[in-house]
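One structure is given below, encoded as structure tokens.
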Amino acid sequence: MKNVLTIAGSDSCGGAGIQADIKTFSALGTYGMSVITAITAQNTMGVFKVTELEEEIVAAQINCIYEDIKVDAVKIGMVSNSIIIKTIAQCLRKHAAKNIVIDPVMVSKSKYKLLRPEACEALVSFLFPLAQVVTPNIPEAEVILGKRIQNVEHMQEAAVAIHKMGPANVIVKGGHLPGDAVDVLFDGQKFTLLSDVRIATKNTHGTGCTFSSAIAASLAKGFNIREAFGAAKEYIHGAIENSFSIGQGVGPTHHFYSLYKRAGLVD
Ligand SMILES: Nc1ncnc2c1ncn2[C@@H]1O[C@H](COP(=O)(O)OP(=O)(O)O)[C@@H](O)[C@H]1O
Ligand SMILES: Cc1ncc(COP(=O)(O)OP(=O)(O)O)c(N)n1
């Protein structure tokens with residue numbers, strides 16, 4: 001069994017954050033562990049309150065895990081302030097963490113700021129150089145670069161520019177552009193583009209969290225970055241295709257559809 005860690009925020013309604021990450025790790029046959037950075041009160045309609053944890057408890061959680069357990073990959077999601085970001089970087093360096101996947105979470109789909117604006121610089125300078133891959137969506141890449149991204153060519157330029165900030169690989173996700181869902185991987189030398197038909201659904205809560213966690217689980221299993229990208233794209237497609245409505249707003253993706261189907265729990 002491969003062990004995968006998520007360092008992220010808790011989502012009370014279970015569609016994004018730590019909860020989505022652990023569901024993804026399990027669905028992909030890996031063992032999931034968590035370091036919680038913040039607690040969010042959110043549901044399908046939005047984020048209503050956030051409490052950030054103290055850096056001491058964030059560091060203690062990371063140290064406890066690395067001092068006892070072999071971590072095959074680690075995914076970093078919501079880290080809302082620069083003190084927590086610096087603490088995580090310090091801890092991961094100390095433990096020589098490998099297969100680090102960074103999803104630079106900034107704003108929820110409901111427009112709530114999950115990263116303090118002044119912390120973006122710390123995220124880039126302290127965490128990006130440690131990453132095996134960074135996975136910004138279009139609005140995140142626009143904030144990081146201070147530039148509009150309106151088509152696939154712009155996404156490729158953005159991937160090259162973000163690669164210069166230190167990560168080994170960059171995947172710019174195209175979920176926010178109209179048309180097919182095209183994502184761009186740049187490994188420092190060449191591009192790999194993966195395209196999927198856009199699934200017509202409003203239930204896309206947690207797609208970015210799920211996608212980056214699927215990459216982390218795949219890297220933990222020994223896939224190279226291109227294989228991990230392919231596996232994650234396939235996983236997110238199935239998860240969105242089988243997404244469902246709970247509550248009144250944006251529902252979650254489905255992590256266990258094939259399992260439920262086999263057990264006769266879904267049609
Ligand atoms: N409606 C959709 N149909 C198919 N794939 C999608 C859809 N929306 C997003 N994706 C894919 O889901 C992944 C997450 O992308 P995105 O939604 O851009 O991230 P985020 O949740 O961080 O905003 C990407 O692989 C993207 O191409
Ligand atoms: C605790 C927490 N972390 C991250 C997010 C953002 O999730 P993401 O997959 O980028 O997309 P949406 O959830 O905004 O659809 C979050 N909401 N909560």
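Values for this structure:
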read-out: Selected residue (only one of LYS86, LYS111, LYS164, LYS98 is charged (D, E, K, R) and either touching a His at 6+ places or on another chain (Cβ under 7 Å) or on the phi > 0 side of the Ramachandran plot (or both)); value: LYS111
read-out: Of all residues in the range 34-83 being touching a residue at least 12 places away in the same chain (Cβ under 8 Å), among the charged types (D, E, K, R) and in a loop (DSSP other than H, G, I, E, B), the one that is surrounded by the fewest Cβ atoms within 10 Å (Cβ to Cβ); value: LYS70
read-out: Exclusive hit being farther than 18 Å from THR44 by Cα, away from ligand 1 (no atom under 15 Å from the Cβ), of a type in the set (A, V, I, L, M, F, W, C) and surrounded by 14 or more Cβ atoms within 10 Å (Cβ to Cβ), set LEU265, LEU219; value: LEU219
read-out: Search result, residues across the range 1-20 that are over 12 Å from THR37 (Cβ atoms) and part of a helix (DSSP H, G or I); value: GLN19, ALA20
read-out: Residues of the range 35-52 classified as touching an Asp or Glu at 6+ places or on another chain (Cβ under 8 Å) and either within 16 Å of ligand 1 (Cβ to nearest atom) or modelled with pLDDT under 95 (or both), total; value: 2
read-out: Sole residue being surrounded by 15 or more Cβ atoms within 10 Å (Cβ to Cβ), within 16 Å of ligand 2 (Cβ to nearest atom) and closer than 29 Å to GLY15 by Cβ, chosen from LEU177, LEU145, LEU194; value: LEU177
read-out: Single match in LYS164, LYS202 (criterion: among the basic types (Lys, Arg) and over 19 Å from ILE240 (Cβ atoms)); value: LYS164
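The values are calculated or read from the model by the stated rules, or taken from the named source; none is laboratory data. Source: prediction; values computed, not measured. Note that each Cβ is placed from the backbone with ideal geometry, even for glycine, and that neighbours are counted across all protein chains shown.
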